Amino acid sequence: MTPPTRRGIACAMPRRPPPQGGRCTNGQLRVAASESDLPLLTIAKRAAFTAAGLVFAFALYQALALNAQPDFFIYRQGAVLGLRGESPYEPSKIRAAVAEQFPDPDAGPDSFVNNCGYFLPPAAVLLYAPFAVLPWSAAKVAWALVCGVAAFGVTRIPKLFRTASASEASVWEVLVPVLLVVNFLTLAVVQVGQTTLVAVGCVAFGQLCFEKRRPLPGVLLWSVAFVKPHVALPLVLLAWCLGGWKRAVALVAIVAVENVLGAIIAGGSPLFLGEYLDFLAAGHKAVAFNLAERNYEITSWNRLLFVGTKYLIEQTASTTLAGYLIWFGLIIGRCAAANARPSPAWAAAAAAVGSAFVPQVLGYEVLILALVVPWVRELFESGWRTRAGIATLLLAVQLVPFAMFESLGITYHRPLAVALLAVVVLAGPIAPAQNRASNPISKP
């Protein structure tokens, strides 16, 4: 007898629900295991949309009511110059526009108008072009919308890399996603118009595309993070770990194409990339905010070294690459010592910590540490509660405003917390769920 088809009886027959804790084998997102999960999932979705809506509302307020978001103004201005065929790597042009938009009658050597510049790669001209063709007021509204969408992507991070045995818990489905975007750090990123929220949101959305077996949009979304290449570099190794060498090569190729196109737009030739590299080597350290000696918001290892020993190392491209080689070597050595393949969550955590600790970056870049959350969840669910608690505390420290620690005489809480988190990640289990399967006793 011919079995019923989808157009016949089968459409009316009840389908067997997936097993508790099961996953879709076709790469789709995990579905609710029973009707009892539906209220929680509904609450979680509403909470995520609400959190993203709050971020959008805050960004919209900044756009309409205040003369704020100076960094977004600079990035858009760089694209404006590039679309005109002018080099955005001329500080005098950028500073003249900044002084007009953010006038400071008492501007001194350390004021913002005298310590700013455009340091993004040529690809940023391409990525910010949609905002450059809009008037400034409309561009700010469009950026607010992008920030709201990116915030929703960040709320999806706790759901990434989940194991088959992951439980439905309100703290991970509702509370943690909201806290990732409704906090001092994220709102500060929005207020100054930095790229971090959008970059991390694109990484989250890109990973969801990979899980749905849509590699091209996934790689395109990950390439957005390379608007800050020194921060995004670990994504290449992460792409290789999660999707093989083809994904890593595709990511590098797309980033290269974007930079070549940006160089052609702004400089008329791919050789314009050389002008960018020459400017970056000479101009980046001319801005006081980029100096580890003077800026307490820098989170990288050299700021911690300077605070502890007064020995100063201002990072260059060479020292950044050397630092990454050491960090990647530690990751490979840790995997070799464990004699196991790391879980995707641990790999993401290692990449995120490297991005926040190895290059010389400011405090708003530590939002990328949201990618550590899936590993923390994995630790809790695998019985490594003490280590998970320590990691949670170190992540929470990043959300505390500098002024609160400054009152205690502490001016290095962010780099110290990132350094300790790096130790926790390297010393922690690289495959917590696998370790639990071999020894189900809870571990400290």
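Taken together, the values in this text are just the output of simple stated rules run on the coordinates, not laboratory data. Note that the structure is a prediction, hence the values are computed from the model and not measured. Glycine gets a Cβ as well: all are built from the backbone with ideal geometry, and neighbour counts include every protein chain shown.
May I ask for the percentage of alpha-carbon pairs in the stretch 216-259 that lie more than 12 Å from each other?
Within the stretch 216-259, distances greater than 12 Å cover 53 percent of Cα pairs.
Need the full-extension length gain, Ala337 to Leu216, defined as separation in residues times 0.36 nm minus the C-alpha distance. One decimal, nm.
Length difference between fully extended and current span is 40.1 nm.
Below 11 angstrom from the Cβ of Ala253, what's the summed charge of the other residues (Lys, Arg +1; Asp, Glu -1)?
So the environment of Ala253 carries a net charge of +1.
If you take the square roots of the eigenvalues of the alpha-carbon gyration tensor of the stretch 42-286 and sort them as a ≥ b ≥ c, do you get rounded (a/c under 1.5), prolate (a/b over b/c) or oblate?
oblate
In the Gaussian network model of the chain, springs joining C-alpha atoms below 10 Å, which of Ile157, Ile430, Ile332 carries the largest mean-square fluctuation?
Ile332
Output the 0 to 90 degree angle, nearest 10, between the alpha-carbon long axis of helix 413-427 and the longest principal axis computed from the alpha carbons of the chain.
The angle comes out at about 40 degrees.
Cα-based Rg of the stretch 38-146 per 2.2 N^0.38 Å, rounded to two decimals?
The stretch 38-146 yields a ratio of 1.32.
Which of the following values of P(r) over Cα pairs in 20 Å bins from 0, in percent was calculated from the structure shown: (i) 23, 57, 18, 2, 0; (ii) 27, 60, 13, 0; (iii) 23, 52, 24, 1?
So the structure-derived entry is (i).
Under a point spin-label approximation (7 Å from Cα along Cα-to-Cβ), what is the Glu86-Ala396 distance to one decimal in nm?
Each label point lies 7 Å from its Cα, and together they span 5.0 nm.
Just want to confirm a number: the relative contact order over the chain, from Cα pairs under 8 angstrom separated by 6+ residues, in percent.
17
Residue by residue, what Karplus-based ³J(HN,Hα) values in Hz, rounded to whole numbers, does the stretch 76-91 have, using 6.51, -1.76 and 1.60 with θ = phi - 60° and x for Gly and Pro?
Each residue's phi maps through the Karplus curve to give 5, 5, x, 5, 4, 5, x, 5, 7, x, 9, 6, x, 9, 10, x Hz.
Can you tell which of Leu399, Leu426, Leu66 shows the greatest fluctuation in a Gaussian network model of the chain with Cα springs below 10 Å?
Between Leu399, Leu426, Leu66, it is Leu66 that shows the largest mean-square fluctuation.
For the chain, set up a Gaussian network in which alpha carbons nearer than 10 Å are linked by springs, and say which option among Arg214, Arg414, Arg387 fluctuates the most.
Among Arg214, Arg414, Arg387, the largest mean-square fluctuation in the Gaussian network model of the chain belongs to Arg214.
Just name one of Ser407, Gly389, Ser318: the one whose Cα is farthest towards the positive end of the charge dipole of the stretch 314-444 (beta-carbon charges, Lys/Arg +1, Asp/Glu -1).
Gly389
If each residue's Cβ is checked for other Cβ atoms within 10 Å, how do Arg247, Arg46 rank with the fewest at the top?
Result, fewest neighbours first: Arg46, Arg247.
Test of understanding: what is the full-extension gain from Ser318 to Leu54, defined as 0.36 nm times their sequence separation minus their Cα-Cα distance?
91.0 nm
Could you put Leu408, Leu64 in order, starting from the residue whose Cβ has the fewest other Cβ atoms within 10 Å?
By the 10 Å Cβ count, ascending, the order reads Leu408, Leu64.
Counting helices only, and only those DSSP H runs with n ≥ 4, report the 222 nm mean residue ellipticity of the chain as the sum of -39,500 (n - 2.57) divided by its residues, in deg cm²/dmol to the nearest 500.
The per-residue figure over the chain is -18500 deg cm²/dmol.
How charged is the neighbourhood of Val219? Take every other residue with its Cβ under 14 Å from the Cβ of Val219, and add Lys/Arg as +1 and Asp/Glu as -1.
Around Val219, the charge tally is +3.
For Tyr128, Tyr324, Tyr61, what's the fewest-to-most ordering of other Cβ within 10 Å of each Cβ?
Listing Tyr128, Tyr324, Tyr61 from fewest to most nearby Cβ atoms yields Tyr61, Tyr324, Tyr128.
Convert each backbone phi in the stretch 185-199 into a coupling constant with the Karplus relation 6.51 cos²θ - 1.76 cosθ + 1.60 (shift: θ = phi - 60°), then list the ³J(HN,Hα) values in order as whole Hz, x for Gly and Pro.
Coupling constants for the stretch 185-199: 5, 5, 5, 5, 4, 5, 4, 8, x, 7, 8, 4, 4, 5, 5 Hz.
Using the Cα centre of the chain as the reference point, and only Cβ charges (+1 on K/R, -1 on D/E), how large is the resulting charge dipole? Debye, rounded to the nearest 20.
Dipole of the chain, to the nearest 20 debye: 1980 debye.
How much net charge surrounds Pro401 when only the other residues with a Cβ under 15 Å from the Cβ of Pro401 are counted, with Lys and Arg +1 and Asp and Glu -1?
Its environment carries a net charge of -1.
Please report how far the C-alpha centroid of the stretch 227-300 lies from that of the stretch 404-418, rounded to the nearest whole angstrom.
For the stretch 227-300 versus the stretch 404-418, the Cα centre distance is 29 Å.
What do you get for GluC sites (Glu not before Pro) in the stretch 234-332 restricted to DSSP loop and a cutoff of at most 14 other Cβ within 10 Å of the site's Cβ?
Listed in order of number, the matching sites are Glu293, Glu314.
Give the calculated FRET efficiency between Ser111 and Ala188 to the nearest 0.05, with a Förster radius of 22 Å applied to their Cβ-Cβ distance.
0.65
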